[in-house]
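The values are calculated or read from the model by the stated rules, or taken from the named source; none is laboratory data. Everything quoted here is computed from the prediction, not taken from an experiment. Cβ placement follows ideal geometry from the backbone for every residue including glycine, while neighbour counts extend to all protein chains displayed.
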Amino acid sequence: MSNKPLLLIVDDDPLISDALSHAFAATFDVVTSHARPHCLALLRQLRQPPQLALVDLGLPPQPHRPDEGFALISDLLAHVPEMKIIVLSGQNGEDNARHARTLGAVEFVGKPCDPGHLLALLRQALSFSHDESATDSGTAGLIGNSLPMQRLRLQLAQYANLGFPVLIEGESGSGKDIVASRCLHQQTERQQQPFLALNCAAISPSLLEPTLFGHARGAFTGAATAKAGYFEEAGEGTLFLDEIGELPADLQPKLLRVLENGEYQRVGETQTRTSKARIVAATNRDLRQEIKAGRFRADLYHRLSVFTISVPPLRDMGRDRLLLLDHFRKLYATQAQCSPFTLDQAAEALWLAYSFPGNVRELRNIVIRLTARHPGQTVTPDQLLNEFDTSDEVDRNSAGTAAENNHEQRLQAVTRHLQTAAGIDLDATLAAWERSYIEAALELCAGNVSRAARRLGINRSTLYNRMESWHRS
């Protein structure tokens, strides 16, 4: 087996994919894909996930728009959070570059690009490690003194050593996996037991059941031997189920059974086995909305959320953003063997004012780029603004002010409606208003789903789900 890093190239132009594969063959093992569905299917087949990815934004079925590429960045990081993604795209407008970085790309390169420059960027990305275990100084990955962080620490102190299930809620990039692995396992009495993590979105639905529960020999095509599943291998340790909102409907009652009495069966067996693992689940979806939409079982939700922990978004953490800046710039300067950069006073004020829609993942990637570009230097406001995705912030602030000013007008209009109507269906009325807002946002954003979701203040996946529900109703 090769010891070279695995590089994923996603581009719908075979000439580009072939040329880059040839150029990088001496340094990387390369796999290629031409579209988002094919890429996700490929990921599920690979024995080891790629460490690096080169992703084009313009992918089918709309190669002249960036939406599929944006969606793929989010999908790849949901599957492999530690993957380093470089966007290589002809759609190299500054807004696209900034939004790609906000979603989690470490760098954006416009086409055409010299392969030697790309190779240097790939090597540089690979040189930065997100593994902080060597530099962790008792923080358990939790940095900050803000009230939201104090509440999070209090919750963890109460729940960490209990054996009941925990549901971790939080936005993409907020660090739910750190809370699960370090705070709910490594810092508990189970730390000497196994910690297994499974991303429910990263495995084909047909393979998810045998992966979780194991399978007997001959249970399905390719099952040449019997194999234990994650529940069995976790022993008395912790089983972390990330992206639990992606769990298929037919598996939900089987997970519920394990949570209720610890019992499960390998696929193809009748023998009942018992799991003693503690279940920790995480989601960036609103599972209550998923229940209303019929996609998630209410009884499973209540079993998973015996204890619920909310990981705060970075925009609510105030000056903790400076503590995180200091932590990561020291970490990555050490890795790069250079002096850390600093921010001048005006740049520091900008840092505190920025909302970091991509949360800690975005902050970390910004620090990586600043470390690479400005080692030992003082970063100015103009240099810092190049790293921020500010395209919608002014619009969002203006919308918030207008909403406050129009509150009384809306209240009067609703009162008149209730006084004159014989009766209303509140759910239908709210659904109609929601659809109108979504359609208006899509029109304002020229059909760009990612930008529309940001304008509405929701995740892109949530917006897709709500749009899909129109066709099911």
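Quick notes on this structure:
- Just one of the numbered conditions (1) under 30 Å from ARG451 (Cβ atoms); (2) not in a helix (DSSP H, G or I) is not true of GLY376: (1).
- From ALA441, ALA428, residue being without any contact (Cβ under 8 Å) to a residue 24 or more places away in the chain and closer than 22 Å to SER74 by Cβ: ALA441
- Scope the stretch 74-103; condition modelled with pLDDT of 90 or more and more than 19 Å from GLY173 (Cβ to Cβ); matching residues: LEU88
- Some residue of the stretch 414-427 being loosely packed, with under 10 Cβ neighbours inside 10 Å and at pLDDT below 60: no
- Exactly one residue among ARG182, ARG190 is in contact with a helix residue (DSSP H, G or I) (Cβ under 9 Å, 6 or more places away or on another chain) and either free of Cβ contacts under 8 Å to residues at least 60 places away in the same chain or of a type outside the set (A, V, I, L, M, F, W, C) (or both), and that residue is ARG190.
- Search result, residues across the stretch 183-239 that are of a type in the set (Ser, Thr, Tyr), out of contact with any Pro (no Cβ under 8 Å at 6 or more places or on another chain) and surrounded by 14 or more Cβ atoms within 10 Å (Cβ to Cβ): THR188, THR211, TYR230
- A residue that is touching a residue at least 40 places away in the same chain (Cβ under 8 Å) and over 27 Å from ALA282 (Cβ atoms) cannot be found anywhere in the stretch 34-53.
- Going through (1) within 25 Å of the chain's Cα centre (by Cα); (2) in contact (Cβ under 8 Å) with a residue 24 or more places away in the chain; (3) under 25 Å from PRO50 (Cα atoms) one by one, SER206 falls short only on (2).
- Here GLY110, GLY93 are screened, and the one residue that is free of Cβ contacts under 8 Å to residues at least 12 places away in the same chain and outside the structural domain of LEU247 (by TED's automatic domain parsing) is GLY93.
- Summed over the stretch 235-249, residues that are among the β-branched types (Val, Ile, Thr) and closer than 14 Å to PRO194 by Cα total 1.
- Qualifying residue in the stretch 279-293 (condition: among the small types (Gly, Ala, Ser), surrounded by fewer than 19 Cβ atoms within 10 Å (Cβ to Cβ) and more than 20 Å from ARG190 (Cβ to Cβ)): yes
- The stretch 442-454, subset crowded, with 20+ Cβ neighbours inside 10 Å and modelled with pLDDT of 80 or more, residue farthest from the chain's Cα centre (by Cα): ALA452
- Tally, over the stretch 251-280, of residues that are in contact (Cβ under 8 Å) with a residue 40 or more places away in the chain and assigned to a loop (DSSP other than H, G, I, E, B): 8
- In the stretch 197-244, the residues that are in contact with a helix residue (DSSP H, G or I) (Cβ under 6 Å, 6 or more places away or on another chain) and among the small types (Gly, Ala, Ser): ALA201, ALA202, SER204, GLY214, GLY229
- Residues being outside any strand (DSSP E or B), buried (at least 21 other Cβ atoms within 10 Å of the Cβ) and touching a strand residue (DSSP E or B) at 6+ places or on another chain (Cβ under 8 Å) - total across the stretch 302-325: 3
- The helices (runs of 4 or more DSSP H) located wholly in the stretch 13-105 that include 1 or more residues which are surrounded by fewer than 20 Cβ atoms within 10 Å (Cβ to Cβ) and over 23 Å from the mean Cα position of the chain (by Cα) occupy 14-24.
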